[in-house]
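> This is the structure I want to talk about, given as structure tokens.
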Amino acid sequence: MSVALAASWWSRFWEAFGKELADSFGGKHIGEKIREGILQWKGSFTLGGQKFLITDAVIVMWIALLAGILVFGWLGAKRERIPSGRQAIMESLIGLLLGLCKDYGLNDEQAEKVVPMIGTIGITLIFCNTISFFHLPPPAKNIAFPFAMAIFAIVYVIFMSIRFVGLKGFGRSFVDPMPFMLPFKILDFFIKPISLALRLFGNVFGAFILMEFLGIVCPIILPGVFSLWFDLMDGILQAVVFAYLTTSYIGEVVESSHAVKERNEEKAKLKAEKKAAKEAAVEAEKAA
């Protein structure tokens, strides 16, 4: 009797399993399911009689930020004279960022001032991008998030550039290598944040759509394999590129300012030498 019940149970189980599997691979409503994945959840809450809108991007962003704070707080909590383990990891990352800043023409003091914010930008984007690995929608699939990050980055670039080379030096960077470059350099500061935002949005959104599609048409094994790249590695890569470009923009202004200053000093020196030589020639003629 028990054998017959067990056989009947297994029969029903495999029948139900086969039906669910067939439905998963059938893809009858792929477009509708992907659309549901793309559309963001919206809600609201009332505070002090004022109604505030909240979306899934905001909620997931704060979850990612909390995870980042906990992970990097744990990595940096243990400090020893001779670094090892997690402290060695943190110091290696900081050394990598310092080296990146120096490669773009920043000196040691400037690099130490830039690294904390560049590291914060990178950490924020790494955790926000890779959170899709846990089947949570990445904030960057909402176009507002990449543009907010890009605007913040370009404002930070302008602020730190003026802090390093002064307002006059910042203005000099707009005429490097030639004065006719001025309108193009001004336009560049509008194009840069758009480029940063669209690069981040396009890569994260595209990866999200692909993973949604794979999860619908082939829900077994394949999504997990592709997720290692599109959710993890690509998310980390986009965060690194964003931080890398932000650093390069600061270094670009600093180097351009110094280059123009050196050229102006060289021109002034040559002019002074010519003037001195001319005066010496006049004095020689008078003496003769």
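The values are calculated or read from the model by the stated rules, or taken from the named source; none is laboratory data. None of these values were measured; they are calculated from a predicted model. FYI the Cβ positions are ideal-geometry reconstructions off the backbone, even for glycines, and counts take in every protein chain you see.
> Among the residues of region 227-238, is any surrounded by 17 or more Cβ atoms within 10 Å (Cβ to Cβ), out of contact with any His (no Cβ under 6 Å at 6 or more places or on another chain), small (Gly, Ala, Ser) and at pLDDT 85 or above?
Yes.
> Just name the residue that is farthest from His135 (Cα to Cα) out of those in region 44-91 that are in a helix (DSSP H, G or I), among the charged types (D, E, K, R) and without any contact (Cβ under 8 Å) to a residue 40 or more places away in the chain.
Out of the qualifying residues, it is Glu91.
> How many residues does region 175-191 hold that are among the charged types (D, E, K, R) and touching a Phe, Trp or Tyr at 6+ places or on another chain (Cβ under 6 Å)?
The qualifying residues number 1.
> Any residue that is over 30 Å from Phe133 (Cα atoms) and either free of Cβ contacts under 8 Å to residues at least 40 places away in the same chain or outside any helix (DSSP H, G or I) (or both) - is there at least one of those in region 256-263?
The answer is yes, given that some residue of region 256-263 is over 30 Å from Phe133 (Cα atoms) and either free of Cβ contacts under 8 Å to residues at least 40 places away in the same chain or outside any helix (DSSP H, G or I) (or both).
> Okay, moving on. For Ile143, indicate whether it is aliphatic (A, V, I, L, M), touching a residue at least 24 places away in the same chain (Cβ under 8 Å) and touching a Phe, Trp or Tyr at 6+ places or on another chain (Cβ under 6 Å).
yes
Quick grid of which residues meet (1) in contact with a strand residue (DSSP E or B) (Cβ under 6 Å, 6 or more places away or on another chain); (2) at pLDDT 80 or above:
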residue: Glu36; (1), (2): no, no
residue: Leu53; (1), (2): yes, no
residue: Phe72; (1), (2): no, yes
residue: Lys78; (1), (2): no, no
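> Using the structure shown, decide if Arg172 is surrounded by 14 or more Cβ atoms within 10 Å (Cβ to Cβ) and touching a Lys or Arg at 6+ places or on another chain (Cβ under 8 Å).
So Arg172 fits the description; yes.
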